[in-house]
Each structure stands twice: as C-alpha cells, then as structure tokens.
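The values are calculated or read from the model by the stated rules, or taken from the named source; none is laboratory data. The structure presented is a predicted model; accordingly, all values stated were derived computationally and were not measured. Cβ: placed from backbone, ideal geometry, glycine included. Neighbour counts: every protein chain shown.
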Amino acid sequence: GSRSEPAKVVDIRIDTSAERKPISPYIYGSNQELDATVTAKRFGGNRTTGYNWENNFSNAGSDWLHYSDTYLLEDGGVPKGEWSTPASVVTTFHDKALSKNVPYTLITLQAAGYVSADGNGPVSQEETAPSSRWKEVKFEKGAPFSLTPDTEDDYVYMDEFVNYLVNKYGNASTPTGIKGYSIDNQPALWSHTHPRIHPDNVTAKELIEKSVALSKAVKKVDPYAEIFGPALYGFAAYETLQSAPDWGTEGEGYRWFIDYYLDKMKKASDEEGKRLLDVLDVHWYPEARGGGERICFGADPRNIETNKARLQAPRTLWDPTYIEDSWIGQWKKDFLPILPNLLDSIEKYYPGTKLAITEYDYGGGNHITGGIAQADVLGIFGKYGVYLATFWGDASNNYTEAGINLYTNYDGKGGKFGDTSVKCETSDIEVSSAYASIVGEDDSKLHIILLNKNYDQPTTFNFSIDSSKNYTIGNVWAFDRGSSNITQRTPIVNIKDNTFTYTVPALTACHIVLEAAEP
C-alpha cells in the first residue's frame, strides 16, 4: 500500500496480576558463539555423535565424506597444546561459556555405538563399525575411573567422561558444573548421517534401551545433572521415529512417537525409583514456505513473500487458527499448534518433564524479518513455559542476535526482560505480537516486547493496562529495517490511568519498559 494510508490501529491489553508464571532463564540460548548475551550453550550437532572424548577426534558422517579428523578441535578454538588432553573440545567449550557467565551448558553424549578411533580422514564403507577406525562406546565402565583414559583399548566409557567433567568443574548443583547431558543427537537420522557408525535404521526399542541405560550411568556419577532426550530432528521423527522398523508393533496405541518415548521413559524411571528423563528435547526447523522458498533456507532478502511468511511462521508454535503453507500445515493439523501438543503429551505420559527446543532457526538472519521472528519465538517460548532453547544457525546473523539481545541486553548494559510472564493480548495477531513480564512479583516495572509485523505501514497501538501500580513513563528500545542495532527511541510520556497510544514504524521490534511513580 502507499505510505500515505492511515496507520493500522491495534489494541494491546495487559493485566499484571493475571496469568503470572515464571519464564525460564534458559530459553535465550545458542549452539554457536554469537555476538549476543545468551543464557544457555549447547555442545551438539551431527559432529558430536562420533566424538571421542579420550582423543578429541570426531567424524563428519555423510555431511563430509565420512571424515574422521580434528575438526572439533579447530572449530572450537582448542589451544594446540591441549589437543591430546582428554575432553578438551568440551572443556574449552564450557570454559568459554563460564567466562561469559552463561548459566547453563548442555553437553551431548555418545549413544549410537561407536566413536572415531583416529583423525585419518575418510572412513570407507568396508571400514563400517566395528572396525579399527572406531572405538566401541560403553555407558558404564564397571571399574575405577581414570582421569587419563586408556586410548589404546577398544572402548570409550560415558560414565568416565562425565566423571572427568565433574572432577574438573563440580557436579551440576555447583555454579561451575555442567548442568545437562543430551542423549546423542538426531537418532532418527543416525543411519542417514552416520552410516559408518550405525548403518541400520534405529528402532524405537533400541532408543529407549539406550536412553535408559545412559541416563542411569550419568546419574550414578552426577545425580544433579539433567538428562535431555531424544533430540529429534523434526516432524517425521516426532511422529514415527522416521518410520522406525519396529514402529508398527511398538507404536500400537500411541498417537505419535513422542507419547511412546515419554511413556516408556516414565515406566523405566518408576522402576528405577528416580527420574531418568528430565527434559523432552526436540528440534524445530520450520517447514513454512513463501514465495517458493522455505523460510529457514530462503536466503534472498528480496523475496518479499518468503519474508512475509517468516513473520507469520512462529504462529505454528501456538496459534490454532493459523495454517502455514507446508506439508505439516496441510497434512499434520492434528499435531498443531506444536507447543500445546508437546506439552499435552508430557502432561499425559510423563508429568513434570520439561521441554527444550535445542535447535531452531527461522532464517532471514541478515534481514529485519529474521530479527522480528527471532524475538517473536523467544516471547512464545517464555509465555508457554519452554525450559531451554538454543538457536542453531549462522553466527554472523546480526538480526538474529538483535532478536536475542532485545530480551537479554536491550540497553547494552545488561538490561533484560522480566522473569515472570503476565497476561498480554493483542487484537491483531497477524500484524503484531506482544509479550509482557515483570520481575519476580514486583510490577513497579513492566517490560513489554512489541513487534510490528506490518511490512509497509506504521501501526498505532492503544494500550490499556490493569495494574495496582500507576505507570508514569515508558522508555523504548528498538531495532528496525534500517539497522540491527538496538537504540533508544521516543519515550512514552502521555500515560493517563495506565492507558496510552504509541505508533511504531513498519517492521520494528520494541522493548518498552514502563515505570511506576514512586509511592
């Protein structure tokens, strides 16, 4: 439309005493080193499945010629002198997180069966495990642990790995301890990504047996550590574990694999007398399309239809009225919106289990729509009680970083969104998103994330706030299509009886901080 059209008018209603619930501090996380203030770091991805903690070699699998090499050492910036130090890939990773005061580190453990024996390049099909190119993974050593593991034997032990880390950092209950361990990575794709390690398709039964055994082994060494699983790569894994060979029989009576997994993990936990799964862990790369491209891979910022689809795609996480343009939107409506379905499964089969999204990316990281989608998704994660989330994507995506910093460091001085979500509704979910929070139980400061998703037009927002406090001023920080830098904007001064009007330019993401008068 032409720029002279009147701004769209949207109503935002907030009630600071309604729907109060904690926002997990760990949802603002990342897998890569970002130029942003993050609250969780995950050591994960395809490379971690074949990682040998004793010698630090790993294997690329089908991503790159089944190469066994020193990639994780180089990529992780491990000092040359420490390349042969056990677990130095992981300790360097955790040390970096600690140096940046990141409160939660999640480390992937190996469960597919074998890890790299060497760094000698491509592994041929003839050398598929078991062969001299691989060491067999055992979850429990059944003998005294060593801090200098035997690299000449045929085995690598997971409990010895965890013991090494606990010895160095303390257990998960300490400030420096590693907080969580993931049961490998994307098991439904092992036979595709790592056919030299696990040539056969994983079975549902195998994944449960391995998850139970590995969890028991970890918790014997560190009873405070949280276990994450099963790190499912996407929808076909959620539904049938990628058509697992035994799903037809094992899956009988279950709506989807996620229900089966939760049910089996609960039964095993009840039998063991302790919780063996703390966090249900899935990956979510949106399949939503626009302008002929999938939003998380659409690299051309000039494709306006892709950009517009990206702005709406977060609604698939929560909005029952929204149907995205994708095979999931078309055929899998019974499982949408995704977060309420995951949370319902937890409630039904293993109450008390937390939810993590340890890989996600809405694309457009160098475009304003990527920044707005990122900020929208973090607002949704907070409101719906996701426990931990870690972005996976290009570390040079400055708009993605802005979307995170809008919550974790909006003023460049460590200013952050509140930790208690409160009721906040917008009259137009297509044009806008809005999230509100307070700090603890104190509503003398009210934080509002306000996103104008209108592509061409400013939007005028009419705010009405129900609160015991009387707000007198609002300071505003924002980023927009002009720059991913978050800068201070025109303040809100004309507040009357907790109502005010504020106009936001097209494609702008705001963090508003309302402050009450001193009593």
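Table for the structure above
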{"read-out": "Residue, farthest from ILE372 (Cα to Cα), within the range 479-507, restricted to residues that are surrounded by 14 or more Cβ atoms within 10 Å (Cβ to Cβ) and touching a helix residue (DSSP H, G or I) at 6+ places or on another chain (Cβ under 8 Å)", "value": "ILE486"}
{"read-out": "Subset of the range 364-422 (residues that are touching a helix residue (DSSP H, G or I) at 6+ places or on another chain (Cβ under 8 Å), assigned to a loop (DSSP other than H, G, I, E, B) and farther than 17 Å from ASP35 by Cα)", "value": "TYR384, GLY385, VAL386, PHE417"}
{"read-out": "Residue in the range 219-227 that is farther than 18 Å from THR49 by Cα, surrounded by fewer than 20 Cβ atoms within 10 Å (Cβ to Cβ) and over 25 Å from the mean Cα position of the chain (by Cα) present", "value": "yes"}
{"read-out": "Among the candidates SER421, SER464, SER468, SER437, residue that is farther than 26 Å from GLU305 by Cα and touching a Pro at 6+ places or on another chain (Cβ under 9 Å)", "value": "SER421"}
{"read-out": "LYS413 vs. criteria touching a residue at least 60 places away in the same chain (Cβ under 8 Å) and basic (Lys, Arg)", "value": "no"}
{"read-out": "Filter result (without any contact (Cβ under 8 Å) to a residue 40 or more places away in the chain, loosely packed, with under 13 Cβ neighbours inside 10 Å, assigned to a loop (DSSP other than H, G, I, E, B) and not acidic (Asp, Glu)) within the range 145-193", "value": "THR174, PRO175"}
{"read-out": "Test set (1) crowded, with 20+ Cβ neighbours inside 10 Å; (2) under 15 Å from CYS296 (Cα atoms) - ASN366 fails condition number", "value": "(1)"}
{"read-out": "Boolean, VAL431 is under 25 Å from ASN475 (Cβ atoms), surrounded by fewer than 22 Cβ atoms within 10 Å (Cβ to Cβ) and hydrophobic (A, V, I, L, M, F, W, C)", "value": "yes"}
{"read-out": "Options ASP69, ASP63, ASP35; residue that is touching a residue at least 40 places away in the same chain (Cβ under 8 Å), in contact with a helix residue (DSSP H, G or I) (Cβ under 8 Å, 6 or more places away or on another chain) and farther than 28 Å from SER432 by Cβ", "value": "ASP63"}
{"read-out": "Unmet criterion (only one of (1) at pLDDT 95 or above; (2) under 30 Å from ASP480 (Cα atoms); (3) surrounded by fewer than 17 Cβ atoms within 10 Å (Cβ to Cβ)) for ASN307", "value": "(3)"}
{"read-out": "Residues satisfying the stated conditions in the range 448-467, i.e. assigned to a loop (DSSP other than H, G, I, E, B) and either among the basic types (Lys, Arg) or closer than 22 Å to SER437 by Cα (or both)", "value": "LYS453, SER467"}
{"read-out": "Yes/no for GLY393 being in contact (Cβ under 8 Å) with a residue 60 or more places away in the chain, in contact with a Cys (Cβ under 9 Å, 6 or more places away or on another chain) and not aromatic (Phe, Trp, Tyr)", "value": "yes"}
